[in-house]
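Scroll down for the structure; my scribbles are underneath it.
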Amino acid sequence: MTVVLPPTTPLDYHRIVSPTLQIPTDTQKPIPVGLLACQRNPLLRELVSQVISCTVSQSQPLSAAEKRARKGKEQTPKVALIEVILHDTVLFPEGGGQPHDIGVFTTSDGELWDVVDVKRHGGHAVHYVPAKGNDVDDALKSFVIGSNIGIALGDKGLQRRLDHMSVHTSQHLLSAVIESQLKLPTLSWSLTAYPTPSYVEVPRAMTVEEISSVQEECNRYVFEGRQIHVEVEELVLEPVTTAEASRSSERVQQVVDDRRKTTKRVDDLENELAAAIAHELAAGARTILHRHRVDDTGNAIGFLSSIATAYATAADPAKPYLLVLSSSPDEKKVKQVGDAVKAKLNAKGGGKGTKWSGKFTGVWKNSREGGIMEDVLAGISVE
């Protein structure tokens, strides 16, 4: 008979390398992020801990982008949340590029409470718990300071955690192999919750042979079963004089002002570029025209919207047009193009009525993805 034992975390996985840094044992104080149970033992699924504080969560003001995104949409009922800080936790707070965990609290009366988010505030893990029936008073009574509660990942939480930490470790390995083999540094990376794909951004497109070689090397390291560990050390604060502190604040303000000016200048240049692109497209429009750009912009959809707006002004009103972002009054054609793009390019997107927008993640080649776009547009009947 074969017995399969559950995986365990090596005893020396989490290493404190500072001689003066210790895990707090006073249960009336929260253990800081970096020393939490979920970081000391990532395979730990549950534990019992003490409530340090419990408060009503205050909604943060929406950013300008969030306000624009919500404009005209039906607003969902607001769910009242409470913020709970514990002495220790098995739920990972969002940070370091890794999304937060989800889990379940069990209070002393045996009642179950969902944990929908975990964030870092002031170096502490803060758990966000929906108040049942939006009754925050009743929720606050359930989390009495000093009382013991059970914290568990649950099946969904465990599946999410295993996915996140596996992809996170894989990204570090992938970036290291790409840089050592091809001298390509990682410019940015994104670890998102399933099913949204994660990615690593490098300075140039990689060939099929390079991708195959990197994949083979990464798998070789994985099959070796190398043991990994993390090291934690305390932050050393260096004193500064009053004069230095004053100059530092001035420099920070200067950086903020320069960034604001740069952002405005980029917006102005993108608007000018959008108008030029729109006139070029309108002047050279055929029966079917496809144009692919790889501009590295922080607001790609806004840039495309500017092009569409300028195109509508520059185009001949006597001629019919079909655009991927904004099209002729035929909603059926827009949906047909959007569905084909999502199916054949594995893109994400959607729209309503005569508008559709989407996002493609990966390496775009005109000989491949560009050809697919041409085929999609060629398959649309032009009246």
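The values are calculated or read from the model by the stated rules, or taken from the named source; none is laboratory data. For clarity, every value in this text was computed on a predicted model and none was experimentally measured. Cβ: placed from backbone, ideal geometry, glycine included. Neighbour counts: every protein chain shown.
Determine if the stretch 101-109 includes at least one residue that is among the small types (Gly, Ala, Ser) and in contact with a Gly (Cβ under 8 Å, 6 or more places away or on another chain).
Yes, the conditions are met somewhere in the stretch 101-109.
Restricting the search to the stretch 149-205, which residues are more than 30 Å from Val84 (Cα to Cα) and among the basic types (Lys, Arg)?
Residues satisfying the conditions are Lys183, Arg204.
Can you find even one residue in the stretch 337-347 that is modelled with pLDDT of 65 or more and outside any helix (DSSP H, G or I)? Before the answer, list the steps.
The first filter runs over the stretch 337-347 and keeps only residues modelled with pLDDT of 65 or more, leaving 337-347.
Still in the running and outside any helix (DSSP H, G or I): 346-347.
So far as the stretch 337-347 goes, yes, one or more of its residues are modelled with pLDDT of 65 or more and outside any helix (DSSP H, G or I).
Quick one: which strands (runs of 3 or more DSSP E) lie wholly within the stretch 1-119 and hold at least 3 residues that are at pLDDT below 90, aromatic (Phe, Trp, Tyr) and more than 30 Å from Ile228 (Cα to Cα)? Working first, answer last.
Values: elements: 14-16, 46-56, 81-86, 103-106, 112-115.
Because the criterion is at least 3 residues that are at pLDDT below 90, aromatic (Phe, Trp, Tyr) and more than 30 Å from Ile228 (Cα to Cα), no strands (runs of 3 or more DSSP E) in the stretch 1-119 meet it.
Could you grab me the full set of residues in the stretch 202-211 that are surrounded by 12 or more Cβ atoms within 10 Å (Cβ to Cβ), free of Cβ contacts under 8 Å to residues at least 60 places away in the same chain and under 23 Å from the mean Cα position of the chain (by Cα)? Step through it out loud before you land on a result.
Just the residues of the stretch 202-211 that are surrounded by 12 or more Cβ atoms within 10 Å (Cβ to Cβ), to begin with: 202, 205-206, 210-211.
With the extra rule that they be free of Cβ contacts under 8 Å to residues at least 60 places away in the same chain, the set shrinks to 202, 210-211.
Within the stretch 202-211, just Val202 meets the criteria.
How about the stretch 151-172: which of its residues are surrounded by 16 or more Cβ atoms within 10 Å (Cβ to Cβ) and over 18 Å from the mean Cα position of the chain (by Cα)?
Ile151, Ala152, Leu153, Gly154, Leu158
Within the bounds of the stretch 198-212, is there any residue that is part of a helix (DSSP H, G or I) and either closer than 22 Å to Arg40 by Cα or in contact with a helix residue (DSSP H, G or I) (Cβ under 7 Å, 6 or more places away or on another chain) (or both)? Before you say what the answer is, go through the steps one by one.
From the stretch 198-212, those part of a helix (DSSP H, G or I) are 208-212; that's our starting set.
Next cut, either closer than 22 Å to Arg40 by Cα or in contact with a helix residue (DSSP H, G or I) (Cβ under 7 Å, 6 or more places away or on another chain) (or both) only: 210.
For the stretch 198-212, residues part of a helix (DSSP H, G or I) and either closer than 22 Å to Arg40 by Cα or in contact with a helix residue (DSSP H, G or I) (Cβ under 7 Å, 6 or more places away or on another chain) (or both): present.
Does Thr297 qualify as being under 25 Å from the mean Cα position of the chain (by Cα), in a loop (DSSP other than H, G, I, E, B) and at pLDDT below 70?
Numbers: under 25 Å from the mean Cα position of the chain (by Cα): yes; in a loop (DSSP other than H, G, I, E, B): yes; at pLDDT below 70: yes.
Yes, satisfied.
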